[in-house]
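Engineer: Got a structure here, written out as structure tokens. Questions coming.
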Amino acid sequence: MKLLKNWNLPDLREAGKRTRGAVERVDTFMIPANAMNMGEGKHYWISTYGCQANERDSETLAGILETLGYGQAESPETADVILVNTCAIRENAMDKVLGELGSFKRIYNARPDVIIGVAGCMAQEDEFVKRVLAHYPWVRLLFGTHNIQDLPALLAEAMDSQERVVHIYSRQVEAYVNLPVKRFGKHKAWVNIMYGCDKFCTYCIVPYTRGKQRSRRMDDILEEVRQLKEDGYREVTLLGQNVNAYGKDLDEGLDFARLLEKTAQTGIERIRFMTSHPWDFTQEMIDVIARYDNIMPYIHLPLQSGDSDVLRRMGRRYSAEEYKGLFDAIVKRIPNVAVSTDIIVGFPNESDEAFQHTLDMVKACRFDSAFTFIYSPRPGTPAAEMEDPVSMDVKRARLQKLNSVWNELALEKMKAYEGRIVQVLVDGPSKRNPGVLSGYTETNKLVNFTGTGVKAGDIVPVYITAAKTFSLDGEMTGPRR
Ligand code: SAM
Ligand code: SF4
């Protein structure tokens, strides 16, 4: 199999450049004539890694494939098109993706017509692309986060030419709206409010792989939420790498507080949002969240480190004291709010004292939950160039210590739910025990409960009988709505 002649390896340095160029909004989705109905009678399989932005991108990939006539396959073994939508946040993500790609060799050997493709953030990294091109000849299609809308043309090219198709570039100034979407959930939906990120935290690859911040127009977002409500959806999650910066790139004087308020006024039952960056979080946003019952009292507020010097070197733009000040303002203004966080341990040159500051902050904030990571150097980011004398053993021990501290405090918080009645939006039977139902509280706690006459999408009152670190047990106590 040959390579197309006109491809370039992705270039992170180019991808990190920002211009003041206006964002061009492209809201037409065209299927080239040679791709029309190409999926009739065929099936696709998508495997998704990473964050909610990737989940939402996979819904777009599925939407495009279904527009071409493809149906969803039961497994990769029966699919005509297999796409792996990748994440580049940490190095171990690459090992997992390569492992999965390796397992597809079998399928390719049995059915050489199958098109196996890689999409998403990792396809924007040149090291990854080089490895795939050199060692995974059964991967015939590689495209990045900016090229999703080109999928019909790329597939047609791969099929017609029998060549490998690599199509990756960092378009900064375009935002595609109104691409087809196949929602994977029936009651909860992701709604993109912006793409990209301009924060450039020194450890993070996202601003390079997802490009410049591009906010969607408020009217388009509200229209999508209204439509979802009409279609029976009960919960939307407004998605962006840094939702609090929403609107800063638009000339319309809009901000996230206004968007949240307008979304609340659509009357959709539950509104969530993520991720919040402390730097852009205003008192007005806190006030709006407090004012509307349909904005859920749950905020994911990444701390990353409790040490001001580490935060400065991470480029986070807030000190430990400023974070705590914001945290206190949120807790004071929003009754019963739950706050979760992200923390990185072992950032280059993190001292014992700096790590202790993180533990102190965790104890002071008593987070409801935390996503904790060992720092993973991402080639091309400034932190990857920093000296780091701290050994991996020390980093692992810090992660373990941090997890035991937050777990213990989170369990105490969960215990406070025992004997209380909470409102649960039902997802369906629990994954572990089909005789038990599961769903989430307004504060985003997973609840496993018993009850009758309940279906996915109902909101039911549940009496909490027992608390664990990661979930609550309970019994339904009243009628569903
Ligand atoms: N935009 C969000 C924010 O500002 O917090 C988070 C985006 S990122 C997908 C999710 C989390 O991954 C980050 O909050 C951070 O804790 C973690 N992360 C990002 N880059 C990392 C790296 N190089 N090593 C370890 N963890 C990382
Ligand atoms: Fe990455 Fe920082 Fe942007 Fe979040 S805000 S996506 S951590 S650069």
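The values are calculated or read from the model by the stated rules, or taken from the named source; none is laboratory data. On a predicted model such as this, the values are computed, not experimentally measured, just so you know. Neighbour counts run over all protein chains shown; Cβ positions are idealised from the backbone, glycine included.
Engineer: Evaluate the range 269-277: report whether one residue or more is basic (Lys, Arg) and under 18 Å from GLY240 (Cα atoms).
Structural biologist: yes
Engineer: Could I ask something else about it? Within the range 256-274, identify whether any single residue is free of Cβ contacts under 8 Å to residues at least 12 places away in the same chain and either crowded, with 20+ Cβ neighbours inside 10 Å or not in a helix (DSSP H, G or I) (or both), and answer yes or no.
Structural biologist: For the range 256-274, residues free of Cβ contacts under 8 Å to residues at least 12 places away in the same chain and either crowded, with 20+ Cβ neighbours inside 10 Å or not in a helix (DSSP H, G or I) (or both): absent.
Engineer: I'd like the full set of residues that are within 10 Å of ligand 1 (Cβ to nearest atom) and either on the phi > 0 side of the Ramachandran plot or among the aliphatic types (A, V, I, L, M) (or both), limited to the range 194-211.
Structural biologist: ILE205, VAL206
Engineer: Here are LEU239, LEU311: which of them is within 16 Å of ligand 2 (Cβ to nearest atom) and over 18 Å from SER215 (Cβ atoms)?
Structural biologist: LEU311
Engineer: Being acidic (Asp, Glu) and outside any helix (DSSP H, G or I) is the filter; apply it to the range 96-146 and report the residue that is modelled with the lowest pLDDT.
Structural biologist: Here the residue is GLU125.
Engineer: Got a sec? Which strands (runs of 3 or more DSSP E) wholly within the range 385-481 have at least 1 residues that are over 29 Å from the mean Cα position of the chain (by Cα)?
Structural biologist: On the way: elements: 421-429, 437-440, 446-450, 459-467, 472-476.
Result: 421-429, 446-450, 459-467, 472-476.
Engineer: Does any residue of the range 438-450 turn out to be buried (at least 16 other Cβ atoms within 10 Å of the Cβ), small (Gly, Ala, Ser), under 14 Å from LYS188 (Cβ atoms) and in contact with a strand residue (DSSP E or B) (Cβ under 7 Å, 6 or more places away or on another chain)?
Structural biologist: Taking every residue of the range 438-450 in turn, at least one turns out to be buried (at least 16 other Cβ atoms within 10 Å of the Cβ), small (Gly, Ala, Ser), under 14 Å from LYS188 (Cβ atoms) and in contact with a strand residue (DSSP E or B) (Cβ under 7 Å, 6 or more places away or on another chain).
Here is a yes/no grid of residues against (1) of a type in the set (Ser, Thr, Tyr); (2) part of a strand (DSSP E or B); (3) modelled with pLDDT under 95:
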{"position": "ARG312", "(1), (2), (3)": "no, no, no"}
{"position": "TYR318", "(1), (2), (3)": "yes, no, no"}
{"position": "LEU326", "(1), (2), (3)": "no, no, no"}
{"position": "ALA329", "(1), (2), (3)": "no, no, no"}
{"position": "PHE347", "(1), (2), (3)": "no, no, no"}
{"position": "ALA354", "(1), (2), (3)": "no, no, no"}
{"position": "ALA370", "(1), (2), (3)": "no, yes, no"}
{"position": "PHE373", "(1), (2), (3)": "no, yes, no"}
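Engineer: Restricting the range 206-236 to residues that are within 16 Å of ARG56 (Cβ to Cβ) and in a loop (DSSP other than H, G, I, E, B), which is farthest from ligand 2 (Cβ to nearest atom)?
Structural biologist: TYR233
Engineer: Separate question: Can we say TYR208 is over 19 Å from ALA383 (Cβ atoms) and either in contact (Cβ under 8 Å) with a residue 40 or more places away in the chain or touching a Gly at 6+ places or on another chain (Cβ under 6 Å) (or both)?
Structural biologist: Against the criterion (over 19 Å from ALA383 (Cβ atoms) and either in contact (Cβ under 8 Å) with a residue 40 or more places away in the chain or touching a Gly at 6+ places or on another chain (Cβ under 6 Å) (or both)), TYR208 does not qualify.
Engineer: With the requirement that a residue be among the aromatic types (Phe, Trp, Tyr) and in contact with a helix residue (DSSP H, G or I) (Cβ under 6 Å, 6 or more places away or on another chain), what does the range 380-422 give you?
Structural biologist: Residue satisfying the conditions is TRP406 alone.
Engineer: Go over the candidates PRO389, PRO377 one by one and state the one that is within 13 Å of ligand 1 (Cβ to nearest atom), over 21 Å from ASN242 (Cβ atoms) and not charged (D, E, K, R).
Structural biologist: Within the list PRO389, PRO377, the selection yields PRO377.
Engineer: Could you tell me whether any residue of the range 235-258 is within 30 Å of GLU66 (Cβ to Cβ), more than 16 Å from ligand 1 (Cβ to nearest atom) and modelled with pLDDT of 95 or more? First the steps, then the outcome.
Structural biologist: Here is the first cut: in the range 235-258, the ones within 30 Å of GLU66 (Cβ to Cβ) are 235-241, 243, 246.
Narrowing the set further to residues that are more than 16 Å from ligand 1 (Cβ to nearest atom) leaves 235-236.
From what's left, modelled with pLDDT of 95 or more: 235-236.
The answer is yes; a qualifying residue exists.
Engineer: Is it the case that some residue within the range 323-340 is out of contact with any Phe, Trp or Tyr (no Cβ under 9 Å at 6 or more places or on another chain), buried (at least 16 other Cβ atoms within 10 Å of the Cβ) and small (Gly, Ala, Ser)?
Structural biologist: no
Engineer: How many residues does the range 242-255 contain that are surrounded by fewer than 16 Cβ atoms within 10 Å (Cβ to Cβ) and either assigned to a helix (DSSP H, G or I) or on the phi < 0 side of the Ramachandran plot (or both)?
Structural biologist: 3
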